[in-house]
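Here is the structure we will look at.
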Amino acid sequence: MDLKSLNYEELQNEIKNLGESAFRAGQIYDWMHKKGAESIDEMSNLSKNLRERLKTGYEYTALKTVQVQESAIDGTKKYLFALSDGNLVESVWMKYHHGNSVCISSQVGCRMGCKFCASTLDGLERGLLPGEMLDQIYRITKETGQRVSNVVVMGTGEPMDNYDNVVKFVHMLSDDKGLNISQRNITVSTCGIVPRIYDLAREDLQITLAISLHAPTDEKRRVLMPIANSYSLKEVMDACRFYFEKTGRRISFEYALVSGVNDRDEEVRELSALLGGGGYHINLIPVNPIKERNFKSTGHSRVLQFKNKLEKNGINVTIRREMGRDIDGACGQLRRRHLTGDSTQA
């Protein structure tokens, strides 16, 4: 059992079962989730006996930094962390005017198979525990010395494929006994696992849901995203409408622009038909090329044209600011380079 993955109530029960006073749970929780203790030995206000019992009775998540890349362009930092079982995960720290944002991974690898993503090339190893997701933020906070105000679960992995752990992570991250990050400052993405969108709508959370759309029709989406073979766009959109009605939270649609594939006037018309009048928001992302695929990023002038044409059709659009392009910015690139021993820039 991972100590850092226990919420406060679960930790209280464990401490009670150990025959310890209830206030010890508060001390331990504070060490883990506010002070960022990297080991149980750091918990100096616990007795040596209790520390030893915790070390022998529980796992303790403490990620080890394997590599850090810092962008010379914008100061973005990309981290490669080692888990206790030797697996590797990536996280990204981004500095914005409105505060610092961290993009975390929810799985080791991914089985969704999206054609433009490096995360999925080696398949799925396993889902991350809540403590392993939280510790990505804790390690980055400690290394940068700066508070994180926004968290995006949009790194390696499909969050809805690790549903229970991700929901628990959100509750623990927004708990006032932890970092107390507002749920409105937490974004969780999905490529469109429809049943889980309905489940998430019923969780009574105030997070932002981001849908990885990337194509405006089922036929085109199936070329880029295997998940489209399981769930049609109609099913995805019905689930999105249910989510909005249940939560009142606007949904963001992520759209990675691939030159000559989904960035033409034809796609503008189809996107406008799909999303027009729904109060939806589209986030355009010039795709980060990976050498294992032949996809090329849409040029800046064409991205602007695409945006302007969507706006003329009444669609709310932003262009995601490109961060860390010079440091393996795309999901999964740094981990894959490390695993394959490829020293060349991806």
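Among the residues of segment 86-121, what is the count of those that are of a type in the set (Ser, Thr, Tyr), modelled with pLDDT of 95 or more and over 20 Å from residue 163 (Cα atoms)?
Taking segment 86-121 first, the residues of a type in the set (Ser, Thr, Tyr) are 91, 96, 101, 105-106, 119-120.
Checking the rest, the ones that are also modelled with pLDDT of 95 or more come to 91, 101, 105-106.
After this cut, where a residue has to be over 20 Å from residue 163 (Cα atoms) as well, the list is 101.
Selection size over segment 86-121: 1.
If I filter segment 72-85 down to residues being surrounded by fewer than 17 Cβ atoms within 10 Å (Cβ to Cβ) and either under 19 Å from the mean Cα position of the chain (by Cα) or hydroxyl-bearing (Ser, Thr, Tyr) (or both), which single residue comes out as modelled with the highest pLDDT?
82
Which residues, taken from segment 1-60, are surrounded by 18 or more Cβ atoms within 10 Å (Cβ to Cβ), basic (Lys, Arg) and under 17 Å from residue 173 (Cα atoms)?
4
Can we say residue 155 is touching a His at 6+ places or on another chain (Cβ under 6 Å) and either not in a loop (DSSP other than H, G, I, E, B) or not polar (S, T, N, Q) (or both)?
It is false that residue 155 is touching a His at 6+ places or on another chain (Cβ under 6 Å) and either not in a loop (DSSP other than H, G, I, E, B) or not polar (S, T, N, Q) (or both).
Given the structure, is residue 44 more than 16 Å from residue 4 (Cα to Cα) and either touching a strand residue (DSSP E or B) at 6+ places or on another chain (Cβ under 7 Å) or modelled with pLDDT of 95 or more (or both)? Outline the logic, then answer.
Working: more than 16 Å from residue 4 (Cα to Cα): yes; either touching a strand residue (DSSP E or B) at 6+ places or on another chain (Cβ under 7 Å) or modelled with pLDDT of 95 or more (or both): yes.
Spelling it out, residue 44 is indeed more than 16 Å from residue 4 (Cα to Cα) and either touching a strand residue (DSSP E or B) at 6+ places or on another chain (Cβ under 7 Å) or modelled with pLDDT of 95 or more (or both).
Run residue 61 past the list (1) under 20 Å from the mean Cα position of the chain (by Cα); (2) farther than 19 Å from residue 129 by Cα; (3) assigned to a loop (DSSP other than H, G, I, E, B) and report the number of the one that doesn't hold.
(2)
Can you pull out the residues in segment 117-140 that are hydrophobic (A, V, I, L, M, F, W, C) and more than 18 Å from residue 78 (Cβ to Cβ)? Steps first, answer last, please.
Taking segment 117-140 first, the residues hydrophobic (A, V, I, L, M, F, W, C) are 117-118, 121, 124, 128-129, 133-134, 137, 140.
Matches in segment 117-140: 124, 129, 134.
When segment 222-270 is examined, which residues are found to be basic (Lys, Arg) and surrounded by fewer than 16 Cβ atoms within 10 Å (Cβ to Cβ)?
Across segment 222-270, the qualifying residues are 222, 234, 241, 246, 250, 264, 269.
Which count do you get for residues in segment 259-268 that are in contact (Cβ under 8 Å) with a residue 40 or more places away in the chain and either outside the structural domain of residue 115 (by TED's automatic domain parsing) or not in a loop (DSSP other than H, G, I, E, B) (or both)?
3
Could you check, for segment 242-258, whether at least one of its residues is without any contact (Cβ under 8 Å) to a residue 60 or more places away in the chain and farther than 30 Å from residue 203 by Cβ?
Looking through segment 242-258, at least one residue is without any contact (Cβ under 8 Å) to a residue 60 or more places away in the chain and farther than 30 Å from residue 203 by Cβ.
The values are calculated or read from the model by the stated rules, or taken from the named source; none is laboratory data. Nothing here was measured: the structure is a model prediction, and the numbers come from that model. FYI the Cβ positions are ideal-geometry reconstructions off the backbone, even for glycines, and counts take in every protein chain you see.
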